Amino acid sequence: MSGTARRWQRAWVFLAVLAVVVTLGLWPDSPREAAQAVQACGAGDVNRATLTTKGGVTLHPCLSKVTTNMVIPRTQTSSLGCGTLFLQPCYETKWQITAVSKTSGQTLKYADGSTESGLYRLTFQQFQVYKSASLATSGGSGYTTTLTPDAAAKLGNASGQTIYTDLWVTADSTINLSFLTFSCNDFVRPDNALWTIADIFIDVSAGGCGMNLKIRYAVTTSSGANGEISGAYSVNLPNTLLTVS
């Protein structure tokens, strides 16, 4: 497969995963940087990573060190009226994730042969963004993409063949999680005890009012043979404004 073909293949996987720029041919790196990453995995591709998705699909990507921050800003709607005894501030619900789970102890190997440990794999079946969200790359060309839907932007199907999205994120990634008696808990990290407890409940669904994920790698697979995406699956961006800068 040529460098150009690989770049577009990776672009569409990445866009589908994040449900933000799924209809654009945008990859965080410039075309030249993306091509270099594909070709820079050492003799015999010795520096390709080996990753396994929650669905059991084994991947061997050639990874650059570009990080993508997915940010959904938190918006307070009142100073009181939510959470424990209704004494906590209220925040607008910004996102919903269905069947989310996390796995610790993840290690990535990069194209230059270096490794990074202490990462988490987050997996979900459906992701909805109710308000604006942005994707911004650190390193590379530094693109920022902003999504502003007038209704829930969705990735993943609620029925039919399961579509899995796996994100490898850093331990300092955070979500603002609406959970039990909490209105919108402040900046819950994947290594936080609250998220560990929440895992018992949120394998079904979770909602929240903010998010800042530092994503090292992302991929979408399905429950079909060998993990290929096949059959009907849903990506909906209703009347959505997409801005790239």
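The values are calculated or read from the model by the stated rules, or taken from the named source; none is laboratory data. Please read all numbers here as calculations on a predicted model, not as lab measurements. Neighbour counts run over all protein chains shown; Cβ positions are idealised from the backbone, glycine included.
For the stretch 56-77, a residue qualifies if it is in a strand (DSSP E or B) and within 16 Å of Asp186 (Cα to Cα), and the qualifying residues are Val71, Ile72, Gln76, Thr77.
Matching residues to (1) closer than 19 Å to Leu59 by Cα; (2) assigned to a strand (DSSP E or B); (3) of a type in the set (Phe, Trp, Tyr):
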position: Leu80; (1), (2), (3): no, yes, no
position: Pro89; (1), (2), (3): no, yes, no
position: Thr93; (1), (2), (3): no, no, no
position: Thr103; (1), (2), (3): yes, yes, no
position: Ser117; (1), (2), (3): yes, yes, no
position: Gln128; (1), (2), (3): no, yes, no
position: Thr137; (1), (2), (3): no, yes, no
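Based on this model, can you work out whether Thr123 counts as assigned to a strand (DSSP E or B), touching a residue at least 60 places away in the same chain (Cβ under 8 Å), within 21 Å of Gly208 (Cβ to Cβ) and within 18 Å of the chain's Cα centre (by Cα)?
When the stated conditions are applied, Thr123 passes them.
Number of residues in the stretch 209-240 that are modelled with pLDDT of 70 or more and either over 16 Å from the mean Cα position of the chain (by Cα) or not aromatic (Phe, Trp, Tyr) (or both) equals 19.
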